[in-house]
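These notes are about the structure you will find just below.
The values are calculated or read from the model by the stated rules, or taken from the named source; none is laboratory data. Because the structure is predicted, anything quoted here is derived from the model rather than measured. With ideal geometry, Cβ positions are generated from the backbone for all residues, glycine too; neighbour counts draw on all protein chains shown. For accessibility, only protein heavy atoms count, side chains too; no ligands or nucleic acids. Shrake-Rupley method; radii C 1.70, N 1.55, O 1.52, S 1.80 Å.
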Amino acid sequence: MAKNIQSLERAAAMLRLLAGGERRLGLSDIASSLGLAKGTAHGILRTLQLEGFVEQDAASGRYQLGAELLRLGNSYLDVHELRARALVWTDDLARSSGESVHLGVLHQHGVLIVHHVFRPDDSRQVLEVGAMQPLHSTALGKVLSAYDPVAHSEVMEAERRSFTGRTVTASDEFEAMLDLIRAQGWAADAEETWEGVAAVAAPVHDRRRMPVGAVAVTGAVERVAPGGVLRPELIAAVRDCARAVSRDLGAGRF
């Protein structure tokens with residue numbers, strides 16, 4: 001069994017200590033509460049402070065939780081709320097389309113799948129929650145790259161790998177594709193990432209009208225885009241689903 005990393009355990013214990021009880025604690029208080037030498041406690045606190053997880057009051061020298069933890073917490077809550085709001089709508093989309101439905105968010109230069117509704121048949125399927133997809137070649141990733149400035153910067157700065165002969169990698173061609181996505185309100189991936197697989201995706205916005213994720217229908221290319229043409233009813237269904245989730249998040253009408 002893998003051993004726990006002691007420094008990480010101590011850092012986690014410090015954060016829990018600062019999260020409970022008094023709002024601010026001094027170095028001696030923290031060290032004695034955790035049974036650590038002052039030098040060890042100070043080194044961990046300094047690292048946490050540099051990363052924004054801990055702040056030190058200039059006047060008293062006491063420590064408190066930092067703003068970075070709040071940002072991470074809000075990020076978790078946003079994703080949790082997004083998934084909760086999307087449950088019913090994505091179930092309906094899978095049922096009406098007869099295909100798999102994915103809900104994805106920007107994460108670590110890619111798309112993190114936070115919800116997956118299986119295709120409503122008896123075929124064997126693998127749950128993809130927690131899987132990562134590339135930004136530049138998937139329908140989910142392209143939608144996020146088109147609407148989210150952070151995703152756009154990341155995808156333009158990264159190496160855009162060619163997965164199939166249809167993957168768009170050239171910068172000018174990729175930017176033109178993003179312009180089209182913004183104009184039409186949806187993105188597609190027809191065998192640009194995986195041979196035989198196609199998808200259609202649309203963006204989800206929050207109450208601030210900011211893009212917080214994307215929803216996609218994914219299936220065999222012969223069903224999603226028979227004869228090389230995307231089924232218009234699938235495009236409409238995905239966009240309706242994304243709008244419904246956005247309204248539930250407080251975005252109003254799009």
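Laid out as a table, the results:
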{"read-out": "Shape call, region 162-216: gyration tensor on alpha carbons, a/c limit 1.5", "value": "oblate"}
{"read-out": "Exposed GluC sites (Glu not before Pro) absent - longest run of the chain, DSSP non-H/G/I/E/B, at most 12 other C-beta within 10 Å", "value": "52-158"}
{"read-out": "Magnitude of the charge dipole, the chain, Cβ model with Lys/Arg +1 and Asp/Glu -1, debye to 20", "value": "820 debye"}
{"read-out": "Region 121-135 - phi-based ³J(HN,Hα) in whole Hz, Karplus 6.51/-1.76/1.60, Gly and Pro as x", "value": "9, 9, 6, 6, 9, 10, 5, 10, 4, x, 6, 10, 10, x, 6"}
{"read-out": "0 to 90° range, to nearest 10: angle between helix 38-50 axis and the chain longest Cα axis", "value": "30 degrees"}
{"read-out": "Acute angle (nearest 10 degrees) that the helix 6-19 long axis makes with the longest principal axis of the chain, alpha-carbon atoms", "value": "80 degrees"}
{"read-out": "Directionally averaged shadow of the chain, computed from the convex hull of its alpha-carbon atoms, nm²", "value": "18.0 nm²"}
{"read-out": "Residues with amide H under 5 Å from that of Asp148, placed H, sequence gap 5 or more", "value": "none"}
{"read-out": "Apportionment of accessible area to carbon and sulfur, region 33-131, percent (1.4 Å)", "value": "53 percent"}
{"read-out": "Lys, Arg +1 and Asp, Glu -1 on Cβ, resulting dipole of region 146-246 about Cα centre, debye, nearest 20", "value": "500 debye"}
{"read-out": "At most 13 other Cβ within 10 Å, DSSP loop - chymotrypsin sites (Phe, Trp or Tyr not before Pro), region 167-197", "value": "none"}
{"read-out": "Distance in nm between pseudo-label sites at Ser96 and Ser32 (7 Å out along the Cβ direction from Cα)", "value": "6.4 nm"}
{"read-out": "Between 0 and 90°, nearest 10: helix 67-97 axis offset from the chain longest Cα axis", "value": "30 degrees"}
{"read-out": "Region 208-254 - percent of accessible surface contributed by carbon and sulfur, probe 1.4 Å", "value": "54 percent"}
{"read-out": "Average accessible area per residue (Å²) across the chain - probe 1.4 Å, nucleic acids and ligands excluded", "value": "54 Å²"}
{"read-out": "Rounded to 5, the percent of DSSP beta bridges in region 83-225 classed as antiparallel", "value": "100 percent"}
{"read-out": "Estimated FRET transfer efficiency (Val129, Arg166; beta-carbon r; R0 30 Å; 0.05)", "value": "0.65"}
{"read-out": "Selection from Phe53, Val111, Leu144 lying farthest towards where the dipole of the chain points positive, charges on Cβ", "value": "Phe53"}
{"read-out": "Trypsin sites (Lys or Arg not before Pro) restricted to DSSP loop in region 220-254 with at most 16 other C-beta within 10 Å", "value": "Arg253"}
